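First the structure, in the form of structure tokens, and then the observations on it.
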Amino acid sequence: MSWGFWISFLVLLSCLGLVVARPGRMPIALPVVLGAGAVVATGLEPVARVLGLWGLTWDAVATLVGLMLLSAALDRARFFAWCAAWIRKVSGHRAALLWWGLMLLACVTATILANDGAMLILVPLYSEIARGAGLERKQALAFLIPAGFLIDVASCTFSTSNLTNLMVADYFHLGFLTYARLMILPSLLVVGGALPLLWFVFRRQMPRTLLQDQLAEFAAGRPAPSTPDRAEPGPRALAPERDAAVWHGEAGLVAGPVGVDPVMFVASWAGLAALVAGLAVSHLMAWPVSAVVGVVAISLLALALVRGFVKPQELPRLAPWSIAFFALGMFVLVDSVARNGGTELLVRSWAGGGPWRIGAMLSLLASGLDNLPALLLGLLGFGRLHGASPAAMAASVVAVDVGCKLTPYGSLATLLWLRLLADRGWRVRWRDYLPYGLALTPGLVALGLAGALLAGR
């Protein structure tokens with residue numbers, strides 16, 4: 001391999017190491033942007049090539065930003081708090097029903113609103129639910145680890161469910177419905193396998209019932225009593241009115257949680273319906289996916305602004321700028337590796353193996369390097385092979401969306417999950433995560449790849 005390959009590869013590894021370690025709570029985008037600047041400055045990545053990459057990826061990045069703005073608007077309108085309160089009401093004090101309800105909510109949210117947005121919205125909410133129920137650390141992780149796992153593995157279904165999906169759909173010119181038809185079977189197999197597996201693994205860690213007195217105190221805004229078995233401090237409390245919004249769901253369907261505005265509630269459901277309908281016809285009308293998402297997100301944000309759920313000065317902070325810059329910087333770093341010999345190396349490893357080998361290699365790359373650079377290398381490899389079969393396309397999605405769960409740094413969403421939990425006192429260490437990742441991920445990848453082969457026929 002050329003010296004350019006090794007320099008580019010070492011820069012990529014160094015940037016990913018800094019993203020994982022985050023010394024001094026460094027912003028996740030900073031090392032990637034600096035690394036991208038370094039490969040451009042040294043001539044390993046021409047400026048013209050950088051501009052070409054932006055032309056290929058702008059729609060995917062803009063769509064991700066729009067989905068996360070939409071998630072922020074729904075969160076400010078207490079839409080997710082209403083969903084959690086409704087699940088809590090249906091489950092009563094039965095921890096098992098609460099677990100299944102929250103896991104299904106995680107799957108649906110990740111499918112419709114993308115995995116990164118689901119992580120940012122649901123993980124804080126679930127951590128507060130665990131705290132409000134007075135759960136010990138081990139019991140709380142029985143909710144928090146499966147939720148983080150499912151948010152990623154349930155993000156295969158639609159092109160908008162994950163940034164990696166958007167890149168695959170854009171690269172192969174797949175419309176929203178075409179992509180969904182290709183991925184529905186692998187997604188059903190993966191999620192249908194993950195839910196019972198996670199339940200089997202974590203069911204013994206959960207209490208049979210949730211304690212009424214602790215839930216009542218949490219709803220009133222008072223901290224849950226500490227438990228002697230909790231190894232780490234519990235999550236910090238939200239504002240009392242937000243706590244009440246999560247738990248006071250007895251007044252009815254729309255009146256549900258305190259603080260749910262009826263106008264925003266109806267508009268939230270209408271916006272989600274418009275999003276799905278717009279995405280379904282976007283390819284037929286030749287609309288960019290980001291335009292559909294942007295219209296819905298801006299409309300709900302404008303209504304939230306008028307109704308007082310968002311302040312004007314908060315608008316710039318709602319956009320996920322760090323994730324957008326992370327993605328753009330990563331595109332440059334990976335393209336530098338690929339141009340200097342990485343693509344040829346990957347294509348040689350695929351030789352004669354078909355979708356199974358492609359899926360296995362990309363899964364290993366995703367879990368070792370992060371799924372975004374793994375997919376970028378895969379797409380450039382497909383370009384060298386002058387295309388890919390439908391089964392290979394589906395296998396690549398399964399590999400990077402599910403295979404990345406083997407390690408705790410396999411995707412940006414998982415890194416966000418770790419940070420969000422640590423900020424709230426529920427620190428998940430490598431030794432906590434790896435046994436589950438190693439035990440669950442290979443079987444789920446195999447299910448997904450089998451579905452990809454069937455869907456690609």
Using θ = phi - 60° and Karplus 6.51 cos²θ - 1.76 cosθ + 1.60, couplings along segment 187-199 (whole Hz; Gly, Pro as x): 5, 4, 5, 5, 5, x, x, 5, 4, x, 4, 5, 4
For segment 390-404, take each phi angle, set θ = phi - 60°, evaluate the Karplus expression 6.51 cos²θ - 1.76 cosθ + 1.60, and give the result in whole Hz per residue in order, putting x for glycine and proline. x, 5, 5, 4, 5, 5, 5, 5, 4, 4, 7, 7, 9, x, 5
Could you tell me the distance between the Cα centroids of segment 1-55 and segment 125-164, to the nearest Å? 31 Å
Measuring from label point to label point, each 7 Å out along Cα→Cβ, what is the M285 to R348 span in nm? 4.9 nm
To the nearest 10 degrees, how steeply does helix 321-337 sit against the main Cα axis of the chain, on a 0 to 90 scale? 20 degrees
May I have the convex hull volume per residue, in Å³, for the Cα set of the chain? 139 Å³
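So what is the relative contact order for segment 57-455, in percent, with contacts set as C-alpha pairs under 8 Å and at least six apart? If you can, show how the numbers build up before the last one.
Values: 625 pairs, mean separation 97.1, N = 399.
In percent, rounded to a whole number, it is 24.
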If you place +1 on the Cβ of every Lys and Arg, -1 on the Cβ of every Asp and Glu, and leave all else neutral, what size is the dipole of the chain about its Cα centre, to the nearest 20 Debye? 660 debye
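Starting from the Kirkwood Rh over alpha-carbon pairs, what translational D in µm² s⁻¹ does segment 338-425 have by Stokes-Einstein at 37 °C and 0.692 mPa s? Before the final figure, lay out the partial values.
Details: Rh = 13.3 Å.
It comes out at roughly 247 µm²/s.
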Each residue of segment 14-24 in order: what ³J(HN,Hα) in whole Hz does its phi give by Karplus 6.51 cos²θ - 1.76 cosθ + 1.60, θ = phi - 60°, with x for Gly and Pro? 4, 5, 5, x, 5, 5, 5, 6, 6, x, x
Using Cα centres only, tell me the gap between segment 354-374 and segment 68-83 in whole Å. 33 Å
Given 0.36 nm per residue, what is the gain on full extension from A21 to W321 after removing their alpha carbon distance, in nm? 106.0 nm
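Bear in mind these aren't lab numbers, they're just calculated from the coordinates by the rules spelled out. Note that the structure is predicted; figures quoted are calculated from it, not measured. So basically every Cβ, Gly included, is an ideal-geometry build from the backbone, and we count neighbours across all protein chains shown.
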